[in-house]
Every structure is written in C-alpha cells, then in structure tokens.
Amino acid sequence: MIIWVIAGLLGLATGLRIGWALVNKQSLVSTAMILALGSLGLVAALNWQPLTLLIDTALRWPNLAMGLSQVALIASAAGSCVMITTVASGRKPGTIRRIAIAQYVVAGVIAVISLATFFAAGQQPEMAPEEYLKRSLGSDGNSLSWLLPLLYVLLALTLVVWAGLRHSNRSRRGRALFVFTVGIVLIVLASAFFLLRAVGNTRFVGVGAAATLLGCAMVVVAAGSLLPSVEDWFGARRELRIIQPLLTELSHRHPDIGIGVRPRGPLVFRVAERMSLISDALFLEATAAAANTRMTVDATGGDGALASGDDDLPELVPPDVPPQEQARAIAEWIFQGRSAPPEDRHAAFPGLVWLRQPESYSDREWILAIAAQYRALERAGAGATNSPDALTQRRAG
C-alpha cells in the first residue's frame, strides 16, 4: 500500500508535468522533469511484489524487475541532472541541447552496461525485491552489477544537489526546488548506503533501512514537484476572490470585453485572462475619462493644451505617492462612478498617468493591487450600507 501511495504521488506529479508540457511549448526542462519523476515512480512500482512477480513471469526471467529498476533509477538521475543543468546554465540554447543529449547518451550507455551485467550473471531463484538486494549486494552476490549504476546515480544527483541548493530561494519556484533538492539528498544518502553494501561494508546500515530511506526520498521529491501546482491553485483562488468585484463592475460597464468563447484551462491561466479583461476595461474607462476632460476644457474656454498632449501639464507628471495610494486613487475613481450617471462617472478620475504601474510592480501585481483596493472599498461600503444607522434611516424613509 505504501509503495502505491509513493508511486501514485510520483505519477500525479508526472501527469501534471505532462499536462503543463501539452499546454505550453515542450522544452528540455519539461522533458527532463517528466523523465525524472516518471522513472522514479517506475522504481517504486517495480518494487511492489505482485507487479515484480508478474513481470518476471511474463518475461520468463527471474528478478528481471530489479534489473529494470536499475535502468529506471539511472533514467531518473539523468532526467534530474539534465533538468538542473539546463535551468542553471546561461549558455545558448543550441549548446544546452547538445549538453543534454551528451548526458542522455552517457546515461544510456551506463543503463545498457548494467542490463548486460545483469543478464550475464545468469538466472537466479525468484526472490522478493528486498531479499534480492540483500543477496546481490552481499559479499557472495553479484554486487558488480550495482557498482556502475550506483556510482552514476551518486555523481549525477550530487550535481543536482549542489545546483539545487544554489538556486533555491524564497520565491514559489525556489521553495519547490528546495524541497525537491532535499528529496534528492535523501536519494543520494540511500544510494551511498547501497554502494557501501555493494563494496562489502555492512556495518553502517542494512538494506531494509536504505530502502526505507529511498521511499521517504521519493515522497519528498514528489512533494517538491507538486508544491508549485498546489501553491498556484490556492494562490489563483485567492486572486480570483480579489479581482472578482472589480471585474464584475467593469464587465457591467463594458460587456464587449468578454465577448467570445475562451477555452477552459488551468486556473492560473483563467486568472491571467480575467486580469487582461480588467486591463482592457481600465484602458477604455481611462480613454473615456480623458475625452470627457478634454470636452470639459473646451466647454469652459480652455486653451486645449490637454488635448494636444502638452507634457507640462500637472496631470501628466508622474504621481509622487506610494504605490498603494496610487492604486487606491484608481480604485476610488471606479468605485465612486458605480451609481453615477455616465456623464458624471469620471468626476474622480485622477489622470492617465495614475494608471501607469510603478517600476517595482509587474502588470499582474499592479492589477491585483488595484483590485485589492477596490475590494476593500466595496467591503467597507457594504459595511456602511448595512450598519444599524443606515438601516434605521431606510426604515424611517
């Protein structure tokens, strides 16, 4: 049961990576992650005793599932190594691709040698995976078939650990990389214990303890791979709640921005799409407000400097205020125009330049900041509307 939970977690992580690769453009990193996670899940599945017996019986070679486990472990190490070296490399794409192909070729050669050594040892009596490891890694077993794959796994995953710890940070992806790297550290330790057993040093740890450590490592690796998707889902749900009031108001004013059938995709994509609708609607509102201001200037006998785009006007000077205050001014402009007639809707318009995002904000962060201020104003307005004094006034009227 525990093995299938581990294999299921790794399979889920692999499926998410495959889905991401199908939605986005396929890349070396996506392919490497799919190979690393899928192969590690295969290692877990092949060590489930009923599946081991089924494969051995179907292919008519006892303990063949263990030989395939060696190949899967090598493939997982190769995928992890290609993934981390691709992410950490600053070279040109063509060079990165050639380096990745070279790494896959080396891993393929080692996998072929491992399988050849496994078959050269001849058939042995059918055994459970743990029993097979105890015998083959013992002093009287065929430990040579494990030396080369274990050495490769140690070297490749040590590189992954070094690069992973170097590039871990407090960002969403950085945290996931750190958890993934911790799992790789545990795999390195388990591989080192197996290697010590293969060379005849059995004082430190037994096969059962090393196998348990490897299972824990798989769980941590799966958690590190699933962490970005989990955080993205919860983060997207929170952002949807924040932007929904502003989107509802702007969609009411500009229903044309939502015309067209858009395919349903990952939640983060839907959030980005709705933010783009808010951006379009804000542009339309600002354009209408600027035109209304020009008409007012003309009607009052102005010199038309605003219409000509004179940069010396105070309105076009960038606001020297904190970003939160700038976002609140835009939110108040939209909020105050909710119940006003169209001709008076832009009385609180702060100016076109106030819509410009601060240098420290991305497009997404800026729209989210405006939406958060608008949501706060709406909640405060709803609280004032439902206050006891307001209810008393309505009843008295």
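Quick notes on this structure:
- Yes/no for LEU157 being within 22 Å of VAL219 (Cβ to Cβ), crowded, with 18+ Cβ neighbours inside 10 Å and without any contact (Cβ under 8 Å) to a residue 40 or more places away in the chain: no
- Condition check for ALA65: of a type outside the set (Ser, Thr, Tyr), under 20 Å from GLY183 (Cβ atoms), touching a residue at least 24 places away in the same chain (Cβ under 8 Å) and surrounded by 17 or more Cβ atoms within 10 Å (Cβ to Cβ): no
- Residue within segment 102-113 that is open to solvent by less than 60 Å² (accessible area, probe 1.4 Å), small (Gly, Ala, Ser), farther than 25 Å from ALA211 by Cβ and part of a helix (DSSP H, G or I) present: yes
- Total residues in segment 114-129, condition under 18 Å from THR57 (Cα atoms), open to solvent by 60 Å² or more (accessible area, probe 1.4 Å) and not aromatic (Phe, Trp, Tyr): 4
- In this entry, SER225 passes the filter for residues that are closer than 22 Å to ILE18 by Cα, among the hydroxyl-bearing types (Ser, Thr, Tyr) and either at pLDDT below 85 or assigned to a helix (DSSP H, G or I) (or both).
- Residue check, THR52 polar (S, T, N, Q) and open to solvent by 10 Å² or more (accessible area, probe 1.4 Å): no
- Looking only at residues in segment 1-49 that are at pLDDT below 80 and not in a helix (DSSP H, G or I), the one that is least open to solvent (accessible area, probe 1.4 Å) is ASN24.
- Of residues in segment 266-288 being in contact (Cβ under 8 Å) with a residue 12 or more places away in the chain and of a type in the set (Gly, Ala, Ser), the one nearest to ILE367 (Cα to Cα): SER279
- Test: residue in segment 135-154 that is β-branched (Val, Ile, Thr), open to solvent by 80 Å² or more (accessible area, probe 1.4 Å) and assigned to a helix (DSSP H, G or I): no
The values are calculated or read from the model by the stated rules, or taken from the named source; none is laboratory data. All values reported here derive from a predicted model rather than from experimental measurement. Here Cβ is always computed from backbone atoms with ideal geometry, including for glycine, and neighbour counts include all displayed protein chains. For accessibility, only protein heavy atoms count, side chains too; no ligands or nucleic acids. Shrake-Rupley method; radii C 1.70, N 1.55, O 1.52, S 1.80 Å.
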